[in-house]
């Protein structure tokens, strides 16, 4: 069985990012994004997705966190695309509902080969600590564009901004885990009537 790992580096005038993943891991993390709240959310992806994940980032945070957060999303997407490979034998679709106290979110993913993001999240405040909540959409858009997946994110209810985004990242991790899982009944078959994704 092929090992599904990837290590990607992205260097621009604004950021230097390295992401390493193992899709068949156990949720081991080593996170140093420079953005503490983002590290907390990346930890949710890894632990609930059973994905080993390393992220190292240096960015122009003296301006703000925008470039760093977006470029981590891009690099993570590139790593997923490389690690998932030709997609033969994978489940392809994944979904998860996750609650946290009053908050409930649903995430659905399709390793379709077509980037598409539907993001329906309203936060009750603009910041969680020092973190600008608008950057979450930028993270997911970067991921979608470079992993080439279709991703639907819906916050169904919630009053606490921290709870809302944590349910989204936990559900994202679980949906990725389901979609990337191998289905032994498929063997080397691509899960598409077109024969490719």
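Restricting the stretch 91-111 to residues that are buried (at least 17 other Cβ atoms within 10 Å of the Cβ) and within 15 Å of residue 195 (Cα to Cα), which is nearest to the chain's Cα centre (by Cα)?
Residue satisfying both the conditions and the ranking: 111.
Conditions first: (1) surrounded by fewer than 18 Cβ atoms within 10 Å (Cβ to Cβ); (2) over 30 Å from residue 192 (Cα atoms). Residue 88 passes all but one, so which condition is the exception?
So the condition that residue 88 fails would be (2).
Residue 10 fails exactly one of the following numbered conditions: (1) without any contact (Cβ under 8 Å) to a residue 60 or more places away in the chain; (2) not in a helix (DSSP H, G or I). What is the number of that condition?
Among (1) without any contact (Cβ under 8 Å) to a residue 60 or more places away in the chain; (2) not in a helix (DSSP H, G or I), residue 10 violates only (1).
Collect the residues in the stretch 62-99 that are free of Cβ contacts under 8 Å to residues at least 60 places away in the same chain and either under 19 Å from residue 137 (Cβ atoms) or not in a loop (DSSP other than H, G, I, E, B) (or both), keeping them in residue-number order.
In the first step, residues of the stretch 62-99 are kept if they are free of Cβ contacts under 8 Å to residues at least 60 places away in the same chain; the result is 62-63, 67-68.
Scanning the stretch 62-99 gives 63, 67, 68.
Would you mind listing the strands (runs of 3 or more DSSP E) fully within the stretch 100-197 where at least 1 residues are in contact (Cβ under 8 Å) with a residue 40 or more places away in the chain?
Once the strands (runs of 3 or more DSSP E) in the stretch 100-197 are filtered for at least 1 residues that are in contact (Cβ under 8 Å) with a residue 40 or more places away in the chain, what remains is 103-110, 150-157.
Please specify each residue of the stretch 170-181 satisfying the condition of being surrounded by fewer than 23 Cβ atoms within 10 Å (Cβ to Cβ) and out of contact with any strand residue (DSSP E or B) (no Cβ under 6 Å at 6 or more places or on another chain).
Matches in the stretch 170-181: 177, 181.
Report, by residue number, each residue of the stretch 132-155 that is surrounded by fewer than 18 Cβ atoms within 10 Å (Cβ to Cβ), closer than 29 Å to residue 87 by Cα and over 14 Å from the mean Cα position of the chain (by Cα).
154, the sole residue that qualifies.
Any residue in the stretch 7-21 that is under 21 Å from residue 168 (Cα atoms) and surrounded by fewer than 19 Cβ atoms within 10 Å (Cβ to Cβ)?
no
Report yes if residue 64 is exposed (fewer than 15 other Cβ atoms within 10 Å of the Cβ) and farther than 23 Å from residue 160 by Cα, otherwise no. Reasoning before the result, please.
On the way: exposed (fewer than 15 other Cβ atoms within 10 Å of the Cβ): yes; farther than 23 Å from residue 160 by Cα: yes.
It is true that residue 64 is exposed (fewer than 15 other Cβ atoms within 10 Å of the Cβ) and farther than 23 Å from residue 160 by Cα.
Out of the residues in the stretch 113-131 that are more than 15 Å from the chain's Cα centre (by Cα) and more than 12 Å from residue 165 (Cβ to Cβ), state the one that is surrounded by the most Cβ atoms within 10 Å (Cβ to Cβ).
So the residue we want is 113.
Among 59, 49, 34, which is touching a helix residue (DSSP H, G or I) at 6+ places or on another chain (Cβ under 8 Å), at pLDDT 95 or above and over 23 Å from residue 100 (Cα atoms)? Explain how you work it out, then say what you get.
Details: 59 fails: at pLDDT 95 or above; 49 fails: over 23 Å from residue 100 (Cα atoms).
Only one candidate qualifies: 34.
The values are calculated or read from the model by the stated rules, or taken from the named source; none is laboratory data. Note that the coordinates shown come from a computational prediction; the quantities given were computed from them, not determined experimentally. Note that each Cβ is placed from the backbone with ideal geometry, even for glycine, and that neighbours are counted across all protein chains shown.
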